[in-house]
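The values are calculated or read from the model by the stated rules, or taken from the named source; none is laboratory data. This one's a predicted model, so the numbers in the text were calculated from it and none came from an experiment. Every residue, glycine as well, gets a Cβ built from its backbone with ideal geometry; the counts of neighbours run over all protein chains shown.
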Amino acid sequence: MGASERVGTKQNNMPELPEVETIKNVLKPIVIGNIITKIDVLRETTILGNKDKFVQSLIGKAFTDVTRYGKYLFFHLSNNLVIISHLRMEGKYYQLEENEPNTYFSRVVFHLNNGFKVCYDDSRCFGILKLSTEDEYKKEPEIIKLGQEPFYINDVEYLLNHSKGSNVPIKTTITDQTLIAGIGNIYADEILFDTKIHPLTPCRLITKQQWIDIIYSARKILKEAIRLGGSTIKSYHPGKNIDGKFQSNIKAYGRYGDVCPNCGTAFRFIKAGGRGTTFCPNCQQKQGRPLKVALIGKVAAGKSTVLDVFKSYGADIFICDNYISDLYETKEIAEKIAKLFSLDFKDKVDKKLLRQYLIQNPKDIKKLQSFVYPIVSEKVSSFFKHSKAKFAVCEAPLLFEAGMEEMFDEIIAVDIDEKVQLERLLERNPDTAKFLKQLSDKNNSFEKNKKKANIIISNNASQSELIEETKSVINGFLSRLD
Ligand SMILES: [Zn+2]
């Protein structure tokens, strides 16, 4: 699979500054000097404002220039008229000969006096066209609120001031068009990878030097992307038979499943402000406390020893299984679960009854999980919020099943060979053999989840070695905390 396909199919993204700049450059020779002879409005809501005025004002006018600011395009015409265009997700312009059929998603068609027409095509209809004038267009509400492009930011002081006390993640902050114009999802991932900043870093922790790095990196990356004609993504084509070439230079964006070209660590995929975000957990380490650590591991792998070592460093600990057990003891939860499955218990969950029921109705396990998991994940997030420690460690065997992985900065998996595991279990309890089937199911699901962990601690030797290995992991974390 080529890089462009991967970028296009993994996530939907709108054209950003380099793509719009490229579109502008493609459009200039197509329109400049030509007169609009007729306009077909095939979808009225594409035009912001009065449609008839739009058409009547523009007929007979000649294009004099095409310019861009942020992700906006401006068509300049005679009589001081300006068309403001924002492509949003899927907007595109196509030049066609007058006798060719319109493109399938044509919304507005400009017929020109040179035998060509320009179709504004937009499958998702988020894009807009708006009539304005040379005097007014920069003052239009959508334009006046735009921040500066990275090319024009010479003093980062206002970025620092804006970020003071703010917990908004840096990824969200740099894609805020009212703060900085032109950076979207693709280039934000690239810029943060380049500057080695974790995308979820609260922007109040970004130092002046880091802001300078971000702006410098944004300029470098955007310039290079413009030079290569932008990135060809699913939603973007600068023009017929023209492709952007920057996608082969993309290092982080959309590369979940690959390893970091700098250090070989597997990229992680998370949501930042609702947008898919790819980053290298090794190169882009999280600043600020507490460091949120998840712990998973096989039965008898030594998780409690690892937790004890964390405790000796002052970590706050949360154990999901214990919390669920406590939940089952509460009346409120017991009543809800009893109602959910029409079972007969009141003050606390009758675990035996519930287990029997689930054995007979295995499909309802999912129903129970979708009731319990959100309660657990809410509790974990409040545990993080209240932790004043350097580390907030959560033993969470249900991490992936509950979709909680994005809440954590680091995922530690404690592994053990099955042979050693069995020996240890038999030492603890000779009846273990009975649970072998269950054990192998659990081991299989661990093997799958282990691949998503950042750190794997193997515990096949002595306990003191497990303690030493855990300490060295913790010291690694400490070296990057304040
Ligand atoms: Zn890396």
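Quick one: which of 464, 458 is closer than 21 Å to residue 409 by Cα, at pLDDT 80 or above and over 26 Å from the mean Cα position of the chain (by Cα)? Reasoning before the result, please.
Details: 464 fails: closer than 21 Å to residue 409 by Cα.
Testing whether each residue is closer than 21 Å to residue 409 by Cα, at pLDDT 80 or above and over 26 Å from the mean Cα position of the chain (by Cα) leaves just 458.
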| From 91, 165, 115, which residue is more than 27 Å from residue 48 (Cβ to Cβ) and in contact with an Asp or Glu (Cβ under 6 Å, 6 or more places away or on another chain)? | 115
| field | Residues of the range 160-187 satisfying the condition of being in contact with a strand residue (DSSP E or B) (Cβ under 8 Å, 6 or more places away or on another chain) and part of a helix (DSSP H, G or I) | value | 170, 171, 172, 174, 185
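Residues are listed down the side, and each one gets a yes or a no for (1) within 8 Å of the ligand (Cβ to nearest atom); (2) touching a residue at least 60 places away in the same chain (Cβ under 8 Å); (3) over 20 Å from residue 383 (Cβ atoms):
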site: 264; (1), (2), (3): yes, no, yes
site: 279; (1), (2), (3): no, yes, yes
site: 286; (1), (2), (3): no, yes, no
site: 291; (1), (2), (3): no, yes, no
site: 295; (1), (2), (3): no, yes, no
site: 298; (1), (2), (3): no, yes, yes
| Evaluation of residue 424 against (1) more than 37 Å from the chain's Cα centre (by Cα); (2) within 25 Å of residue 310 (Cα to Cα); (3) at pLDDT 90 or above (one fails), failing number | (3)
